[in-house]
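Please read the structure below before turning to the comments.
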Amino acid sequence: MVHALKKSLVTLKSILTGMKVTMRHLFQPSVTIRYPDVRDELPETARSKLYVNIDDCIGCKLCERACPVNCISIETVQATSDVDLGKTSTGNPKRFWVTNFEIDMAKCMYCDLCVPPCPTDCITMVPEYEYSEFDRNNLLFQFSELSPDKVEEVKEKLEKEQEEKQRQKEEAARKKEAEKNKSEDSPAETKSTEE
Amino acid sequence: MLNTLENIIPSPVIALLIFVALPLVLVSIYALFAIWMERKVAAHIQDRLGPMRVGGWHGWAQTIADMLKLLQKEDIIPTNASRFLFKLAPFLLFAASYAAFSVIPFSSAYIGSSVDIGVFYLLAITSLLTLSVLMGAWASNNKWSLLGGMRTAAQMVSYEVPTIMSVLSVLVVAGSLNLMTVTEMQTGNTTLGFLPDWLIFQNPFLLIAFVIFFISIVAESHRVPFDLPESESELVAGFQTEYSGMRWGIFMLAEYADMLLLSLLGSVLFFGGWNSPFGEFMAGPIWGFFWFILKGMVLVFVMMWMRWTLPRYRVDQLMQICWGFLIPISFVNFVLIALWEMIF
Ligand code: SF4
Ligand code: SF4
């Protein structure tokens with residue numbers, strides 16, 4: 001009985017302490033932000049939607065390789081020597097057509113691993129977080145803006161150039177071979193005479 | 001009150017119906033308000049805002065919108081449920097708490113029925129609550145519901161004992177079972193010269209009786225920390241798992257009605273019912289009603305406040321509290337009150 005009374009008193013005291021705490025909170029201002037009406041400013045380093053400044057992308061595929069869940073897929077075509085793709089804003093020369101640059105935000109886990117390797121700082125996280133969709137395909141973000149015709153064109157061009165190069169190479173190789181043969185003949189003779 | 005109504009309204013039948021429906025109106029308005037208030041209290045204790053959108057000021061129309069939504073919901077009855085009992089249970093539950101309102105003296109001019117065994121009637125009719133919860137649980141043909149129902153039965157039957165013991169302690173002092181008489185004897189401001197004559201101030205042991213009473217009414221209206229019958233986390237809403245739409249809504253309504261009923265009983269027994277705390281000042285039938293509801297609502301508020309403070313008890317702890325602490329303490333307390341009454 002005495003035990004029960006003692007325990008009851010302790011319980012009562014701790015309940016009252018708890019009630020005091022909750023009572024204090026009852027009159028504290030709420031921390032809720034009334035979301036659709038009021039939006040919180042996201043911190044600068046917040047990780048949310050990815051954005052690629054495609055004009056600065058040199059098609060190095062470093063981000064694709066860095067991504068642990070393979071949600072970036074990049075296709076590039078080397079530019080032929082007759083076109084100058086210009087330079088990025090950081091001064092790197094561009095050598096590839098980026099024919100396809102896709103980020104599947106449905107898979108992305110916001111790890112931020114793709115951002116630091118980029119040599120031109122063109123892939124970044126932007127503070128934009130409301131992009132829920134009914135169709136998952138709408139979460140595939142396309143960045144490259146080359147039209148299919150253009151892609152075909154550059155591909156063909158590259159093929160032609162490569163063929164050309166190949167031919168030139170082969171020709172050069174043949175020439176070298178011929179020269180070699182020629183020069184091989186004469187020194188052999190001199191060698192033999194010396195002996 | 002009935003006489004006045006009969007004077008105003010020509011047909012005695014309609015007068016009687018209005019007289020009968022008055023507590024229903026009160027309970028419905030109260031339930032709408034209390035559910036909203038509960039959400040607000042919950043939100044503010046957790047530093048949130050709670051409903052803010054529906055209706056203008058602080059989302060006051062939220063519960064009305066919820067009710068309309070519940071009314072439109074599909075009424076699902078499980079295939080192998082015992083249909084009649086399943087449908088009957090929520091209404092029986094509500095009827096039980098509603099019937100109990102008839103002996104509550106709302107103000108000096110309004111009491112449904114001033115019977116001489118008021119308290120006993122109230123305690124007896126509220127035991128129908130256990131029955132209907134068990135009925136709903138059994139009729140659902142669902143193991144979890146039945147488990148929840150059994151727990152409810154165990155809890156309510158156990159906590160009936162300390163409730164009745166503490167009510168009895170009051171009755172020993174009051175000397176009447178009629179709640180109107182109990183209220184009337186608490187009129188005036190003479191205790192220690194300034195305190196109102198409420199029973200809780202009259203006797204130190206009655207304070208203990210009140211604490212016991214309050215703990216057990218929290219358990220009887222199955223609120224946190226004793227909300228084992230519902231226990232969302234482990235029994236998935238317990239006995240009301242299979243109920244949907246307005247049937248579930250009526251369970252909810254009954255729970256809130258029950259809360260109000262027991263709080264009002266508490267305020268009659270310990271806080272002077274409709275008596276004004278300032279003696280003659282602000283007294284009278286209308287003010288009486290105001291004071292009475294205010295006292296009831298304060299107790300309801302304390303229940304809500306406790307809900308966000310205390311964690312839920314385990315079922316064995318629940319029984320331990322009841323049989324190990326409350327019952328022995330209430331018995332001893334009862335004897336002490338009786339002795340006090342004999343001596344003074
Ligand atoms: S944030 Fe991580 S998961 Fe998302 S695209 Fe970049 S590397 Fe892949
Ligand atoms: S790392 Fe940067 S430059 Fe390289 S492919 Fe990715 S986005 Fe383009």
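List of remarks:
- Interchain or long-range residues, amide H under 5 Å from B:Ala237's placed H: B:Glu232
- A crude spin-label estimate for the pair A:Glu130 and A:Glu163, with each label 7 Å from Cα along the Cβ direction, gives 5.4 nm.
- Calculated [θ] (222 nm, deg cm²/dmol) that DSSP helices of n ≥ 4 give over chain B, each run adding -39,500 (n - 2.57): -22000 deg cm²/dmol
- In nm, spacing of pseudo-spin labels at A:Lys107 and A:Asp121 (7 Å Cα→C-beta vector): 2.9
- One Cα centroid belongs to the range A:1-49, the other to the range A:103-135; the line between them spans 35 Å.
- The calculated FRET efficiency for the pair A:Val151 and B:Arg48, based on their C-beta separation and a Förster distance of 51 Å, comes to about 0.45.
- Relative contact order (%) - chain A, alpha-carbon pairs under 8 angstrom, separation at least six: 22
- Mean Kyte hydropathy of 0.5 or more with a Cα span along the axis of at least 20 Å, helices from DSSP in chain B: B:12-45, B:83-100, B:118-139, B:143-174, B:204-220, B:245-270, B:285-307, B:327-343
- Two-decimal Rg/Rh across chain B, once Rg and the Kirkwood Rh are taken from alpha-carbon atoms: 0.97
- Relative contact order for the range A:52-148, counting Cα pairs under 8 Å that sit 6 or more residues apart, in percent: 35
- Interchain or long-range residues, amide H under 5 Å from A:Lys49's placed H: A:Val126, A:Glu128
- Counted charge near B:Leu168, where neighbours are those whose Cβ lies closer than 13 Å (Asp, Glu -1; Lys, Arg +1): -2
- Solvent exposure of chain A, expressed per residue, is 74 Å² of accessible area, with all protein chains present and a 1.4 angstrom probe.
- Highest-fluctuation residue, B:Thr152, B:Thr190, B:Thr126 considered, GNM on chain B with Cα pairs under 10 Å: B:Thr190
- Mean-square fluctuations from a GNM of chain A, with a 10 angstrom spring cutoff on Cα atoms, peak among A:Gln142, A:Gln168, A:Gln78 at A:Gln168.
- Cα long-axis angle, helix A:148-194 against chain A (0 to 90 degrees, to the nearest 10): 40
- A protection proxy built from the mean count of other Cβ atoms within 10 Å ranks the segments A:60-71, A:24-35, most packed first, as A:60-71, A:24-35.
- Distant-in-sequence amide contacts of A:Trp97, defined by a placed amide H-H separation under 5 Å and a gap of 5 or more residues or a different chain, comprise A:Val77, A:Gln78, A:Ala79.
- Rolling a 1.4 Å probe over the heavy atoms of the protein chains gives chain B an accessible area of 44 Å² per residue.
- With every protein chain in place, the range A:52-148: carbon and sulfur % of accessible area (1.4 Å): 49
- 0 to 90° range, to nearest 10: angle between helix A:2-26 axis and chain A longest Cα axis: 60
- Counts of other chain beta carbons within 10 angstrom of each beta carbon in peptide A:17-27 average 4.
- Checking the Cα-Cα distances for A:Lys49/A:Lys87; B:Lys87/B:Lys295; A:Lys61/A:Lys107; A:Lys7/B:Lys295 against a 28 Å cut-off, the pairs over it are B:Lys87/B:Lys295; A:Lys7/B:Lys295.
- When the accessible areas of B alone and A alone are added and the area of the pair subtracted, with a 1.4 Å probe, the result is around 1800 Å², both sides summed.
- In Å², nearest 10: area of A:Glu156 left accessible to a 1.4 Å probe: 110
- For chain A, calculated [θ]222 nm from helices alone, where every DSSP H run of n ≥ 4 adds -39500 (n - 2.57): -14000 deg cm²/dmol
- Fully extended contour minus Cα-Cα distance, from B:His58 to B:Ala21, at 0.36 nm per residue: 10.3 nm
- B:Ile76/A:Met19 FRET efficiency (R0 45 Å; Cβ-Cβ; nearest 0.05): 0.70
- Across chain B, C-alpha contacts under 8 Å between residues 6 or more apart give a mean separation that, scaled by the residue count, equals a relative contact order of 22 percent.
The values are calculated or read from the model by the stated rules, or taken from the named source; none is laboratory data. Note that the structure is a prediction, hence the values are computed from the model and not measured. Cβ coordinates were reconstructed from backbone atoms using ideal geometry, including for glycine residues, and neighbour counts include every protein chain displayed. Only protein heavy atoms, including side chains, enter the accessible area calculation; ligands, DNA and RNA are left aside. Shrake-Rupley method; radii C 1.70, N 1.55, O 1.52, S 1.80 Å.
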